[in-house]
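> Could you have a look at this structure, given as structure tokens, before my questions?
None of the figures in this text is laboratory data; all of them are computed from the coordinates on show. Being a predicted model, the structure only gives us computed values, none of them experimental. Ideal geometry is used to build each Cβ from the backbone, glycine not excepted, and the neighbour counts take in all protein chains shown.
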Amino acid sequence: MSKDNSNHFIKLVPVVQDYKWGKPANTSLIAKLIEDASSYEYLAELWLGAHPKAPALIANSNLNLIQFLKEHATNFMGAKICSKFKNSLPFLFKILSVNSSLSIQAHPSIELAKKLHAKDPKNYPDENHKPELAIVLSDSLELLYGFRKLEEISNFVKKIPALNFILSEKSKKDLQSREKADSEILKNLYSEIILAEETKQKKVIKLLKEQGVGDAEAGIKKWIEELVEKYPNGDRGILSFFILKYYELSKGEALFIEPAIPHAYLRGDLTECMATSDNVIRAGLTYKFCDELVLLDMLNFDNVSQILDIRKETEENFLTYETPAKEFKVSKLSKGLSKKMNFEGLELLFCLSGTTIINKEISMNKGEAYLVSDKCSNYLVEIKEGETFHVRVPV
Ligand SMILES: [Zn+2]
């Protein structure tokens, strides 16, 4: 690698995570994006960023991105980004290939993240919040996101014996009468579900197995059948399917996950961009550390689930995802694009498929990534085939 700063394009090598919830390596999208997938059983995530857990590597060097930016932060990121984000890369870009439900979780606000990190750095490794953008790459992405309307929940309580069993008479009465504030009713009943003692959780599994889920939509039915086998001794997250909204998004759709909104990815491939952070607060569908009381305290119970269309085609073959995040702005560049790029600050290019040509010199193939220096104020991107993601930091 040249130390010469006239080298504006730095090739990155992503790092993969082989978590068991990922798709088997032979079917994972990630296998198609890395050089050699043969040594993996599962391929769950591909990371491109400077998070200490798995920093990307600089190609043809023995440095990782954290080490590289230590020396070149101002030149590469630009003074504005450096001062705003204390010389560290603000965003983390990922590809996920999900085969079995991830934990029910929510992301903390920046204030809460600081508090949790100070108190429990083992379980909350970062001081940072985690605003997150997800873009669907597979034909469908199943997920839970945000709360259902109380009418829907009430309907489930009538039809699903397991849900009826776990809730107290008081909660059911409140749900019927609707005399209290909706958020209070919701918080009380969700607390009863995720704080239920083990014997009750076991009984829930038994009831789900024996008495089923009534006329719940086919997607949910399928998941409950799968999860009662996966968690035979119960799991506090399983009844969340009747409290949180279930979605099946299509390829190309996207969502922005705000802090304090409960969610869980269930199955599908996606790309994610987030602030550099690995902080999540979990409450079920996992054997990992759960922090139910913190979650109940921080969740936004006023929110009724809604996914807004955040895609904006600012010019042909250049689609931008509009989010309030200060750490990143993501665009999808597709076949036919020929564009002079003149953004301020550091940029990341990641080729998902086909070939992308930079300045008629660098040919990027699928799985390849380049960091573009702040010093490079004008360069040409051409896409003959496929798609490339572009990440910049709004300045
Ligand atoms: Zn999340």
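> How far is helix 110-119 tilted off the main Cα axis of the chain, in degrees rounded to 10, range 0 to 90?
The helix 110-119 is inclined about 80 degrees to the chain.
> Another question about this same structure. Could you give the angle, 0 to 90 degrees to the nearest 10, between helix 65-77's Cα long axis and the longest principal axis of the Cα atoms of the chain?
60 degrees
> Using DSSP to call loops (not H, G, I, E or B), can you name the GluC sites (Glu not before Pro) in region 56-134 whose Cβ has at most 15 other Cβ atoms within 10 angstrom? Show your work: numbers first, answer last.
Details: sites: E71, E111, E127, E132; in loops: E127.
Answer by residue number: E127.
> Using Cα positions and a limit of under 17 Å, work out the aspartates and glutamates in reach of K221, with same-chain residues fewer than 8 apart set aside.
E142, E152, E210, E229, D235, E248
> Going down the table (K202/K288; K86/K119; K159/K200; K20/K206; K23/K172; K251/K329), which pairs top 29 Å between alpha carbons? List each step's numbers first, then the result.
Details: K202/K288 18 Å; K86/K119 23 Å; K159/K200 19 Å; K20/K206 26 Å; K23/K172 39 Å; K251/K329 20 Å.
Violating the 29 Å limit, Cα to Cα: K23/K172.
> Shifting gears a bit: What value, in deg cm²/dmol to 500, does the helix sum -39500 (n - 2.57) over DSSP H runs of n ≥ 4 give at 222 nm once divided by the residues of the chain?
Details: 10 runs with 101 residues, N = 395.
My calculation for the chain gives -7500 deg cm²/dmol from helical runs alone.
> Based on alpha-carbon centroids, what's the gap between region 139-197 and region 258-320 in Å, whole number please?
20 Å
> Mind putting a number on the dipole of region 118-245 about its Cα centre? Charges go on the C-beta only, +1 for Lys and Arg and -1 for Asp and Glu, and I need it in Debye to the nearest 20. Provide the component values of the computation, followed by the final result.
Details: 23 positive and 23 negative charges, 95 e Å.
About 460 debye.
> With +1 on each Lys and Arg Cβ and -1 on each Asp and Glu Cβ, how big is the dipole of the chain about its Cα centre, in debye rounded to the nearest 20? Could you put the intermediate results ahead of the total?
Numbers: 53 positive and 55 negative charges, 72 e Å.
With only Lys, Arg, Asp and Glu charged at Cβ, the dipole is about 340 debye.
> Treating the angle as unsigned and between 0 and 90°, give the value, to the nearest 10°, between the Cα long axis of helix 218-230 and the longest Cα principal axis of the chain.
Between the helix axis and the principal axis of the chain, the angle is about 90 degrees.
> Among S101, S39, S183, S331, rank each residue by its count of other Cβ atoms within 10 Å, from fewest to most, as a rough exposure measure. List each step's numbers first, then the result.
On the way: S101 26, S39 7, S183 15, S331 20.
With the fewest neighbours first, S101, S39, S183, S331 line up as S39, S183, S331, S101.
> Okay, next question. Treating cross-link reach as a plain straight distance, find the aspartates and glutamates whose alpha-carbon is under 15 Å from the alpha-carbon of K312, omitting any fewer than eight places away in the same chain.
Reachable aspartates and glutamates: E253, E322.
> Please identify every one of the trypsin sites (Lys or Arg not before Pro) in region 48-84 that sits in a loop by DSSP and has no more than 15 other beta carbons within 10 Å of its own beta carbon.
On the way: sites: K53, K70, K80, K84; in loops: K53.
Here the sparse-neighbourhood loop sites are K53.
> Relative contact order of the chain, please, whole-number percent, based on alpha carbon pairs below 8 angstrom and at least 6 residues apart.
Numbers: 895 pairs, mean separation 86.9, N = 395.
Normalised by residue count, the contact order of the chain is 22 percent.
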